[in-house]
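> Here it is, the structure, as structure tokens.
The values are calculated or read from the model by the stated rules, or taken from the named source; none is laboratory data. All of these numbers come straight from a predicted model, not from anything done at the bench. Neighbour counts are summed over all protein chains in view; Cβ atoms, including those assigned to glycine, are modelled from backbone coordinates with ideal geometry. Side chains are part of the model used for accessible areas, which takes the heavy atoms of the whole protein and leaves out ligands, DNA and RNA. Shrake-Rupley method; radii C 1.70, N 1.55, O 1.52, S 1.80 Å.
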Amino acid sequence: MSGITARSLSDGLGAEINGVDLSRPLDEETFKTIHAAWLDHGVLAFPAQKAMTVDDQIAFTRRFGALISHHMPQFCLPERPEVLVVSNVKEDGRPLGQEKAGRNWHTDYQFLAEPASASFLHAIEVPPDQGDTLFIGMTAVHDALPAATRKRIAGLNVVHSRVQTWPILYPHRPPLSAAEAARTPDIVHPLVRTHPETGRQCLYLGDVMWAVEGMDRKEGQALLRDLYNFATQERFVYAYRWRPGDAVLWDNRCTMHCATPFAEETYRRLMYRTTAQGERPFYADP
Ligand code: OGA
Ligand code: MN
């Protein structure tokens, strides 16, 4: 018996996992339990994993798939391109990582042909009582859509453009270099995504959506905006309040997430993120 427990955190999304120390290698049975809970709950919180090192974090994430190295090494740990640093902290005037990352609803690496399946975020330093991360379960959103809308959007494809959306999303960052832009060309993904492991249908939205294929741009953007407004209703949102050492694992295939503002002049927030590469998204007609 592994002694591991999962306690549901909200209606339909999220569970807290206790009884496991992620600074130690996991036996197969424990990993299977965690993996099944991850598929069931979409978001798993592992409180107070203070002993987990960066290499432990890498080893754990690798159980879910090959790691994605970030295409902007300036935001990663030195010698660890698999570890993205999300932080407002500066040392000698130089930002330690990405500032104001993920402040719009998104899923990780959606601009890649094979976006992330698992993301795993470890809180090294967090402000008290602010800087929550918000999550939405996109299966529940899909299933709550009016039947006529579900019918209308099934099988549609969306063009995701890192290049077009970059200056809109990140006016505070330098523009993409030509080499960076070339590394992330536009990519097409289904608007309704069939989860490759659970078979459930999920609304697949994000922050780099640019157009609906085969639709006039205005009409496509209006449709995406309506779906986005529907999905981000408060009733679908779960807020995770961090404490130092907490680690949260989520499934990008069936959830969206969003960072929230905090008093950046007063507090330090330092997070390490690892991501496992997933499958090419697809839509399977039920
Ligand atoms: C991320 C992310 C949200 C946060 O690391 O992928 O979106 O609250 N982080 O830091
Ligand atoms: Mn993110």
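> Answer yes or no as to whether T133 is within 21 Å of the chain's Cα centre (by Cα), closer than 19 Å to Y228 by Cα and within 16 Å of ligand 1 (Cβ to nearest atom).
Yes; evaluated as a whole, the condition is true for this residue.
> Can you pull out every residue in the stretch 18-62 that is part of a loop (DSSP other than H, G, I, E, B) and closer than 21 Å to A116 by Cβ?
The answer is L22, L26, G42, Q49, M52.
> Ok, one more. Are there any pairs, at least 6 apart or on different chains, whose C-beta atoms fall under 8 Å, with the first in the stretch 94-112 and over 18 Å from A181 (Cα atoms) and among the aromatic types (F, W, Y) and the second part of a strand (DSSP E or B) and open to solvent by less than 20 Å² (accessible area, probe 1.4 Å), and if so, which?
Listed by first residue and then by second, the contacts come to W105/I136; W105/M256; W105/H257; W105/C258.
> Every residue in the stretch 260-278 that is of a type in the set (A, V, I, L, M, F, W, C) and open to solvent by less than 20 Å² (accessible area, probe 1.4 Å), please.
L270, M271, A276
> So, one more: Only one of P281, P244 is more than 16 Å from ligand 2 (Cβ to nearest atom), assigned to a loop (DSSP other than H, G, I, E, B) and open to solvent by less than 20 Å² (accessible area, probe 1.4 Å). Can you tell me which?
Residue meeting the stated conditions: P281.
> For the stretch 81-111, name all the residues that are more than 13 Å from ligand 2 (Cβ to nearest atom) and in contact with a Ser or Thr (Cβ under 9 Å, 6 or more places away or on another chain).
If the condition is that a residue be more than 13 Å from ligand 2 (Cβ to nearest atom) and in contact with a Ser or Thr (Cβ under 9 Å, 6 or more places away or on another chain), then P81, E82, V83, P95, L96, E99 are the ones that fit.
> If you don't mind, another one. For F75, state whether it is more than 15 Å from A247 (Cβ to Cβ), surrounded by 14 or more Cβ atoms within 10 Å (Cβ to Cβ) and out of contact with any Leu (no Cβ under 8 Å at 6 or more places or on another chain).
No, not satisfied.
> Got a sec? Which helices (runs of 4 or more DSSP H) wholly within the stretch 113-189 have at least 1 residues that are within 16 Å of ligand 2 (Cβ to nearest atom) and touching a residue at least 12 places away in the same chain (Cβ under 8 Å)?
Qualifying helices (runs of 4 or more DSSP H): 138-144, 162-169.
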